Amino acid sequence: ELPITVRSLSEAMGRPAKAIMSIMFKEFGEMVTINQIIEEETALAVALELGVDLTFKRQKGIEETVNEIIEQEDASEDLITRPPIITVLGHVDHGKTTLVDSLRNSKVVEGEAGGITQHIAAYQVEHNNHKLTFVDTPGHAAFSEMRSRGANVTDMVVLVVAADDGVMPQTAESISHVKASGVPMVVAMNKIDLPEINEQKVLTDLAAQDVLPSEWGGETEVVRVSALNGTGLDNLLETLLLTAELHELKANPNRPAVGVCLEGFRDEGRGSVAWLIVQKGTLRIGDAVVCGKSYGYIRAMYDDRDQQLEEAPPSLPVKVTGLDSVPGAGDHFAVLSDIEQARELAEERRHEGRTDTLARHSGGPRTLDDIMG
Ligand code: GTP
Ligand code: MG
């Protein structure tokens, strides 16, 4: 920590040094020179006198710089169409993971403990030369948690409703979360291969939740599928691509990448691994990244089949290594021009996290008033 001088305080506040000197004299009876070192508490008092919230200002520095990078608008001529990011929601056991699996012809369900999805997983699928990204969640809680953190990665939702079961509590909860988010939704009426199904009941249940099926004159497409044997999956993909087209999803691939961490975990061999989804720009090996309270150079990048990649364009979910610690779900990431900036920001956030914890333990945050007595 550098000592505070009249000059540095004046620069930090954007106020003339003369004003500071004058307050020092009036309030503290001290005649100070421009290079004189002043106590932190005195500096805070002077700032307060000048109506500047100094603590606020000092914390914001890099955080603001990075937010500017994240929020920087792209010129419309730089934007190109990007794949939709589709979150799969629905009641337990209605077939979310099976659906995503058959869309990418893999066998994740068999490898899951007890067949219950514990973690978020994201995959990219190609249909008639168009790409779609699917995010399989352990439930709508993960979806709303992400949104509450401002990590709105979802462009569309596929609501899976088992045709032998209809709308169940978690289906209804998912519907209300989707409505609150304003994200477009397509219903996949699943398990139509089963003998004991009731399609009319599913439609009635949906209508009762104010989700009116298009076949009843409403706005929601309900596509019949069997995730198990593949019936209707092409139809579902086409409906999703059509919805995506209507919403003109675009991003600029030629800018430093920003996006969101879907999940972080520690891997025996690879160390800290972060499952990132790129929202704008292109992420590359060697990029200096800050992600929540973690930072580092991207050392290696893998797609959803653990194939190594050199770069990741918008909407592509990738697993990356190289961060110094494990970031959390919903943490934003940004590529910065130098690693020092990334390190400083990560450390500042860690420090703030600690101060928050300390403040909670000591009965609330210390304000300027506390310091002033
Ligand atoms: P959670 O992750 O626990 O919320 O479940 P999920 O919605 O991901 O369901 P999952 O894909 O694990 O499927 C639950 C069960 O339904 C499994 O036994 C699947 O084999 C079965 N299932 C999924 N889709 C179909 C289908 O189209 N037809 C039939 N007959 N069974 C299906
Ligand atoms: Mg699942």
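Miscellaneous remarks
- Averaged over its residues, the chain has an accessible area of 51 Å² per residue, based on protein heavy atoms and a 1.4 Å probe.
- Taken over the Cα atoms of the chain, the convex hull encloses 184 Å³ per residue.
- Long pairs among Lys131/Lys191; Lys179/Lys319; Lys131/Lys280; Lys96/Lys191; Lys96/Lys250, criterion Cα-Cα beyond 22 Å: Lys131/Lys191; Lys179/Lys319; Lys96/Lys250
- Projecting the Cα positions of Pro83, Leu9, Thr98 onto the charge dipole of the chain (unit charges on Cβ atoms of Lys, Arg, Asp and Glu, taken about the Cα centre) puts Leu9 furthest along the positive direction.
- Lys96 contributes an accessible area of around 20 Å² to the protein surface, as traced by a 1.4 Å probe with all chains present.
- Student exercise, segment 149-252 dipole from Lys, Arg, Asp, Glu Cβ charges, in Debye to nearest 20: 340
- Dividing the summed -39500 (n - 2.57) terms of all DSSP H runs of n ≥ 4 by the residue count of the chain sets its mean residue ellipticity at 222 nm at -11000 deg cm²/dmol.
- Proximity of backbone amide H atoms, modeled 1.01 Å from N, is registered between Val260 and Ile277, Gln279, Phe333 at under 5 Å, excluding neighbours fewer than 5 places apart on the same chain.
- Shape of segment 124-216, Cα gyration tensor, a/c cut at 1.5: oblate
- Here segment 153-199 is assigned +1 on the Cβ of each Lys and Arg and -1 on the Cβ of each Asp and Glu. Its dipole about the Cα centre then comes out at about 240 debye.
- Alpha-carbon centroid distance for the pair segment 174-235 / segment 244-310, whole angstrom: 32
- Here's the picture: charge each Lys and Arg Cβ at +1 and each Asp and Glu Cβ at -1 in segment 130-221, and of Ile192, Ser214, Phe134 the one pushed furthest to the positive end of that dipole is Phe134.
- Mean Kyte hydropathy of 0.5 or more with a Cα span along the axis of at least 15 Å, helices from DSSP in the chain: 17-28, 233-246
- Accessible-area value, Lys201, 1.4 Å probe, nucleic acids and ligands omitted, Å²: 90
- For the chain, the Cβ-based charge dipole about the Cα centre amounts to some 540 debye (Lys, Arg positive; Asp, Glu negative; other atoms uncharged).
- Among the protein heavy atoms of the chain, carbon and sulfur supply 49% of the accessible surface, probe 1.4 Å, non-protein parts ignored.
- Take Leu241: with every protein chain present and a 1.4 Å probe, its accessible area is about 30 Å².
- For the chain, the relative contact order comes to 14 percent (Cα pairs under 8 Å, sequence separation of at least 6).
- For segment 228-303: rounded, prolate or oblate by the Cα gyration tensor [a/c cutoff 1.5]: oblate
- Protection proxy ranking of 245-258, 81-94, 325-338, 18-31, by the mean of other Cβ atoms within 10 Å over each peptide's residues and highest first, is 81-94, 325-338, 245-258, 18-31.
The values are calculated or read from the model by the stated rules, or taken from the named source; none is laboratory data. As the structure is a computational prediction, the values presented were derived from the model and not from experiment. Because the Cβ atoms are built from the backbone with ideal geometry, glycine has one as well, and the counts that use them run over all protein chains shown. Ligands, DNA and RNA are excluded from the accessible area calculation, which covers all protein heavy atoms including side chains. Shrake-Rupley method; radii C 1.70, N 1.55, O 1.52, S 1.80 Å.
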